[in-house]
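Asker: There's a structure below that I have some questions on.
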Amino acid sequence: MQAPDQPNVAVSVRASSPPQASLPAQRHRFLLKTPLGIWGAAFLAGLTLALLNALAIGWVPAAPFETDVRFRHHLIDAAQQFGFAWFLAAAVASYHWVLKPAVLRRAGYTTKRWLAAWLPFVALASGLTALLSAPLTDDFREFAHRQVSVNAAPYLARAMAYACAGALALGLVLFNRWWRPGLALAAGVFALAVSVGNHTLLKHNYPGVHFLLGLTALSVLLATFKPCRFWRGSSYRWQRTLAFGLPLVCLPAFVAAPSLTLQAEQLKIDGSVVARRVTELRDWVRRSIPAEVASAANSAGNTQRTPVPSSHPGLLPERPLVVMLTIDAVRADVLEKPALARRFEALSELKRQSIYFDNARAPGSQTVTSLSGVFSGLYFSQQYWTRHPEVGHLFLGDDRPSRFPEVLQQAGIKTVTFSATYFLLNRFGIVRGFDEERFLDNPGQAFTDYSPGSQLTDQLLSAIERYGHGPAFLYAHYLDTHFPYKHGGKRGSAFERYLGAIGYVDRQLGRILRRLEQLGLLERTLIVVASDHGEAFGEHNSQFHATTLYEEQLRVPLMFRVPGLAARVVDAPVSLMDLGPTLLDLLGQTTPAHFMGQSLVPLLRGKPMTFTRPLLAEGRLKKAFYYPDGYKLIVDDKDHTAELYDLEHDPREFKNLIDEPEGRGAERLAQLRQFFEEYQIRRPGYEIPYRQ
Ligand SMILES: [Zn+2]
């Protein structure tokens, strides 16, 4: 049907405008033969973003997928995009047909028109900023902590909210008043850039940011597809069809819960701009993971919780020296792939002389959650986290259960630690029980600008000379391998620099081993080397660590060089939680009842061993449970997702079996729930600080 030529609403309310105000409408007919209308623009904007998202998601490196799951994912994604586009269109339409005429009627067609035109935009920007500052501050906290300081988070959040509210307002203004082909082209390019940026910037855990960027892109695109005139009346049947049909078609994507597999898939990928918020909305209404079988659980593992005496006969010589090193963020496969391992001479040589556990997991994917588990024997949700008065971050200053160095200290074993980070000092509670401690400060520098490992090594070497007569326990944590891979060289990919940084720490280890040999101490020294967690380089669409509980972030090297014991590789699944009980056992001490791990001494001796403890990992976002039959369950209580992998057949965690009957997902979910229900810490007024 031909478009009516009389002035539309937009023009008629601008009665005092010069007559050429309606010219653009005429001029741009050539672009789109039929006026597109606001609903048509919404449809095109939704379609463009859905296609762009699908392309970008397909392009995400190493994002595993199965065709049917991915197809349903895109379908839901597209429907949600259409839904939000429709919502924006409805906002524009009601502004234009209801709000603006009403304000103009009251204000009169005088100088106050300016106010009438701009007030809604100002209100929109302020409202959005107020509404979104809180969730954005949460989003930005970790980012701000890494980049500047945690105090910067609210400012970053506000800046982001203003920028996005501004972009939304710009989109609406463009739509309403200033539409020109050149501007529309620029806006379209801007929207596409924002959308692509959404896939590549701020990987993971920034749902508010992704949502805002998505809405911004949508809004500006909507303006780009602005028709020459607004639709009014019933002259365009297809417009009416879109206006009423779109929300009906989109509704299921907002209200129907997808399968657990699909939900996990959607939330794993940042490109699903709206999926996360929609999920939150839905879960706000229905707050539970389906298919829980609360009574099915009892095999969560050991939990006799009695002190465990050391085994006899002892393995170590009289007056032993123990040197324990943890190296930040070293993935296990770095030492297992021959092509990579040969770059690390000292680590490889030590591994050849050690009992190496090639199936070891960290109890968390972040330094603090992992090392606190190693030293206290308790998982994240079993510890008492409080804001430390000195720094304001969550630490374990008031958490009482003993750390294993405290047990050694009481037994008269000298305990000494050196650290490049402040929170490994006794008073922060992650570690405790060190007679001597030294933080090698790098004053005035950001968190990631820690002092170099060579300084740690210098300190450690002099401690070896002082306390080499034993019995002594010396510990150091190397941070050089943490992002930004300081000492890893300035050139090459992130992974290349990461390897370079491991090489740097490898040279430090070489210095330590040489000194022990020179001093004739090697035959009296137990050397333990482990990493606190792994590091991701694009696997599961993630980078660095502390973001997921997949194997690239949890599987770590763990080796014990025990004088007099033959080197071997042990493939039994073990945890760094077993490290404390093992060291206590080796040093002839009783392991306190609260330690969740189990001594690995039988395996060190080459004997078989039955595990009665559970094997799990926990972060401030997720929980993972390793089952004896090789399955691994990952639950995210924030996103309400669950994933189940058969590690034996699918070690890279590609195929989520949570909805497959043979995986017995519901039963396992119930076991996990039961475990945490039973073993989590309970104190009046205390809430486990899972990340919001
Ligand atoms: Zn770490």
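Asker: Can you pull out every residue in the range 546-559 that is within 16 Å of Lys623 (Cβ to Cβ) and either within 13 Å of the chain's Cα centre (by Cα) or within 15 Å of the ligand (Cβ to nearest atom) (or both)?
Answerer: Residues of the range 546-559 within 16 Å of Lys623 (Cβ to Cβ): 546-551, 553-554.
Once the filter is applied, which keeps residues that are within 16 Å of Lys623 (Cβ to Cβ) and either within 13 Å of the chain's Cα centre (by Cα) or within 15 Å of the ligand (Cβ to nearest atom) (or both), the range 546-559 yields Ala546, Thr547, Thr548, Leu549, Tyr550, Gln553, Leu554.
Asker: Could you tell me whether the range 616-625 includes any residue that is under 30 Å from Ile527 (Cβ atoms) and surrounded by fewer than 18 Cβ atoms within 10 Å (Cβ to Cβ)? Full working, then the answer.
Answerer: So the first thing to find is which residues in the range 616-625 are under 30 Å from Ile527 (Cβ atoms), and the list is 616-619, 624.
Retained after the next criterion (residues that are surrounded by fewer than 18 Cβ atoms within 10 Å (Cβ to Cβ)): none.
Checked against the condition, which is being under 30 Å from Ile527 (Cβ atoms) and surrounded by fewer than 18 Cβ atoms within 10 Å (Cβ to Cβ), the range 616-625 yields no hits at all.
Asker: Taking into account only those residues within the range 489-530 that are at pLDDT below 95 and of a type in the set (Lys, Arg), which is farthest from the ligand (Cβ to nearest atom)?
Answerer: Among those residues, the one meeting the criterion is Arg524.
Asker: How many residues, within the range 582-597, are under 17 Å from Pro401 (Cβ atoms), buried (at least 22 other Cβ atoms within 10 Å of the Cβ) and in contact with a Phe, Trp or Tyr (Cβ under 9 Å, 6 or more places away or on another chain)?
Answerer: Residues in the range 582-597 being under 17 Å from Pro401 (Cβ atoms), buried (at least 22 other Cβ atoms within 10 Å of the Cβ) and in contact with a Phe, Trp or Tyr (Cβ under 9 Å, 6 or more places away or on another chain): 5 in total.
Asker: Here is a follow-up. So Val570 fits all but one of (1) within 16 Å of the ligand (Cβ to nearest atom); (2) farther than 19 Å from Tyr645 by Cα; what number is the exception?
Answerer: (1) is the only condition that Val570 fails.
Asker: Search the range 317-342 for residues being among the small types (Gly, Ala, Ser) and within 16 Å of the ligand (Cβ to nearest atom), and hand back the single one that is nearest to the chain's Cα centre (by Cα).
Answerer: Taking the range 317-342 and keeping what is among the small types (Gly, Ala, Ser), we get 329, 332, 339, 341.
Add one more test, that the residue is within 16 Å of the ligand (Cβ to nearest atom), and what stays is 329, 332.
Details: Ala329: 15, Ala332: 20 Å.
Only one residue tops the list, namely Ala329.
Asker: Another one. If you go through the range 376-394 one residue at a time, how many are within 16 Å of the ligand (Cβ to nearest atom) and surrounded by 23 or more Cβ atoms within 10 Å (Cβ to Cβ)?
Answerer: 1
Asker: Right, here's the next one. Pairs please, first residue from the range 554-573 and closer than 26 Å to Glu648 by Cβ, second anywhere and crowded, with 22+ Cβ neighbours inside 10 Å and among the acidic types (Asp, Glu), Cβ atoms under 9 Å, 6+ apart in sequence or on different chains.
Answerer: Sorted first by the residue in the range 554-573, then by its partner, the pairs are Val556/Asp532; Leu558/Asp578.
Asker: What single numbered condition from (1) out of contact with any helix residue (DSSP H, G or I) (no Cβ under 7 Å at 6 or more places or on another chain); (2) within 16 Å of the ligand (Cβ to nearest atom) fails to hold for Ala463?
Answerer: Unmet for Ala463, out of (1) out of contact with any helix residue (DSSP H, G or I) (no Cβ under 7 Å at 6 or more places or on another chain); (2) within 16 Å of the ligand (Cβ to nearest atom): (2).
Asker: For the range 439-455, indicate whether the set of residues that are of a type in the set (Gly, Ala, Ser), modelled with pLDDT under 90 and surrounded by fewer than 17 Cβ atoms within 10 Å (Cβ to Cβ) is non-empty.
Answerer: Yes, the conditions are met somewhere in the range 439-455.
Asker: Take the range 629-666 and flag every residue that is modelled with pLDDT of 90 or more and more than 23 Å from the chain's Cα centre (by Cα).
Answerer: Matches in the range 629-666: Asp629, Gly630, Glu648, His649.
Asker: Checking Val635 against (1) surrounded by fewer than 22 Cβ atoms within 10 Å (Cβ to Cβ); (2) not assigned by TED's automatic domain parsing to the domain that holds Asp399, which single condition isn't satisfied?
Answerer: In the conditions (1) surrounded by fewer than 22 Cβ atoms within 10 Å (Cβ to Cβ); (2) not assigned by TED's automatic domain parsing to the domain that holds Asp399, Val635 misses (1) alone.
Asker: Identify the residue in the range 531-545 that is small (Gly, Ala, Ser) and part of a loop (DSSP other than H, G, I, E, B) and, among all such residues, is nearest to the ligand (Cβ to nearest atom). Even if it seems obvious, please write down each step before you answer.
Answerer: Taking the range 531-545 first, the residues small (Gly, Ala, Ser) are 531, 534, 536, 538, 542.
Pick out the ones that are also part of a loop (DSSP other than H, G, I, E, B) and you get 534, 538, 542.
Working: Gly534: 10, Gly538: 19, Ser542: 15 Å.
Only one residue tops the list, namely Gly534.
Asker: Of Leu456, Leu479, which residue is without any contact (Cβ under 8 Å) to a residue 60 or more places away in the chain, touching a strand residue (DSSP E or B) at 6+ places or on another chain (Cβ under 9 Å), within 20 Å of Phe423 (Cβ to Cβ) and within 16 Å of the ligand (Cβ to nearest atom)? Can you show your working first?
Answerer: Values: Leu479 fails: without any contact (Cβ under 8 Å) to a residue 60 or more places away in the chain.
Result: Leu456 is the single residue among Leu456, Leu479 that is without any contact (Cβ under 8 Å) to a residue 60 or more places away in the chain, touching a strand residue (DSSP E or B) at 6+ places or on another chain (Cβ under 9 Å), within 20 Å of Phe423 (Cβ to Cβ) and within 16 Å of the ligand (Cβ to nearest atom).
The values are calculated or read from the model by the stated rules, or taken from the named source; none is laboratory data. Note that the coordinates shown come from a computational prediction; the quantities given were computed from them, not determined experimentally. Note that each Cβ is placed from the backbone with ideal geometry, even for glycine, and that neighbours are counted across all protein chains shown.
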